[in-house]
Amino acid sequence: MNKIKVFVVDDSAVVRQVLTELFSKDDHFEFLGSASDPLFAMEKMNSNWPDVIVLDIEMPRMDGITFLKQIMRDKPTPIVICSTLTEEGSDTALLAMSLGAVDIITKPKVGLKDFLNESSMLLVDAVLGASQTNIRKVTTQTYQTVTKSKVDPDLSQMRATEKIVAIGTSTGGTIALEELLTKLPNNKTPGIVIVQHMPEKFTEAFAKRLNSICDINVREGKDGDRITPGLALIAPGNRHMQVKRSGAQYYIEVTDGPLVNRHRPSVDVLFRSVAKNVGKNARGLILTGMGDDGASGLLEMKEAGATTYAQNEESCVVFGMPKEAIRRGAVDTILPLRDMYKVIVGYS
């Protein structure tokens, strides 16, 4: 019997190590190798195409859902999804199956190595079963399902492991941010992106001061910085900051550009990018400030599935920005500043 050629695509070094050992020592398989993301995988697989691919969903540069669609379109191959996002009944699991995944293994968020070792038989059976799949029949059914379905196959609009909190503020914001950020514990805080209306060169000093008094890390954002838990990135003065997505990871893009709502950086620019690229995996906070910058962007975030908050009038230095966001229907909940930290801590 010919051995089943297997390739693993997962950004976790632990997963790649354990699965390499598993498939290399089993006589049923010929282990072709592994890659940390789909683009590296394509480079390696082109010379020796696998019979079965074991695929993660959250990876840099290209997410697994996008890669799954690409494989099923260009070179249909049985795929077993192995991810933390695919609990039974989750929208991610249902979408993966509808796009042609033949089996799903849900990884735990903790104790990963022990789980993989203990579930070796489950993984072996999943790959053996996938190798016997009539993939042509699967892809035909997938095409019929997807063309009839209203499911949005954009991973940014589905639940992800990493969450983002976007904050916009102006007049009175330096005091508000200090009160808010100093309450956040480093180990239970998602990645945070902030626009504070402030002149060029002032933001770096402001970020350094916050970093010296906060448990979380705070710094002025630089183009290409990845957004990670326990880190707050503040838009540099006189530059716009946007959130972009690479695979299932988020990073910032810092650019020049015209003033937006008379500001650069603009809260609207940040919030609109979060609405587009993060969707329901984000929370938006609009704090004290003069004018209406951020109101439109916060509404776009809400319409994209994000949960949105505004600082209440009593705790604001200037109630302009929160008031306008509330007036436009962009706000889910109004809170005093002293309670704002509660919607950030443990958000996951």
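The values are calculated or read from the model by the stated rules, or taken from the named source; none is laboratory data. Remember, predicted model here, so these are calculated numbers, not experimental data. For neighbour counting, all protein chains shown are included, and Cβ atoms are generated from backbone atoms with ideal geometry for every residue, glycine included. Accessible surface areas use protein heavy atoms only, side chains included; no ligands, DNA or RNA. Shrake-Rupley method; radii C 1.70, N 1.55, O 1.52, S 1.80 Å.
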Exercise for review: Report, to the nearest whole %, how much of the accessible area of the chain belongs to carbon and sulfur atoms, 1.4 Å probe, protein only.
Suggested key: 49
Exercise for review: Averaging over all projection directions, find the projected area of the Cα convex hull of region 203-348 and quote it in nm² with one decimal place.
Suggested key: 8.3
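When ligands, DNA and RNA are left out and all protein chains stay put, how many square angstrom of accessible area per residue does the chain have with a 1.4 Å probe?
Details: 15450 Å² over 348 residues.
With all protein chains present, the chain gives 44 Å² per residue.
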Revision key, fill the gap. Residues other than Lys302 with Cβ under 13 Å of its Cβ, Lys/Arg counted +1 and Asp/Glu -1, net out at +1
Review point. If you add up the charges near Ile4, with Lys and Arg at +1 and Asp and Glu at -1, over every other residue whose beta carbon is less than 9 angstrom from its beta carbon, what do you get?
Key: 0
Review point. What does the helix-only formula give at 222 nm for the chain: each DSSP H stretch with n ≥ 4 adding -39500 (n - 2.57), the total divided by the residues, and the result rounded to the nearest 500 deg cm²/dmol?
Key: -10500 deg cm²/dmol
Point to revise | Computed over region 176-247: relative contact order in percent, which uses C-alpha pairs under 8 Å that are six or more apart | key: 40
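Summing Lys, Arg as +1 and Asp, Glu as -1, what charge do residues with Cβ under 14 Å from the Cβ of Leu177 carry, Leu177 excluded?
So the surrounding residues net to +2.
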Review point. What percent does the relative contact order of the chain come to when contacts are Cα pairs within less than 8 Å and at least six residues apart?
Key: 14
Check your understanding: Looking only at Val80, Val260, Val165, which one moves most when the chain is put into a Gaussian network model with springs between Cα atoms under 10 Å?
Key -> Val260
**Study point:** Between region 202-227 and region 282-348, the alpha-carbon center distance in angstrom
**Key:** 22
Exercise for review: Could you tell me which label, among (i) 1.12; (ii) 0.90; (iii) 1.03, carries the value of Cα Rg over 2.2 N^0.38 Å calculated for this structure?
Suggested key: (i)
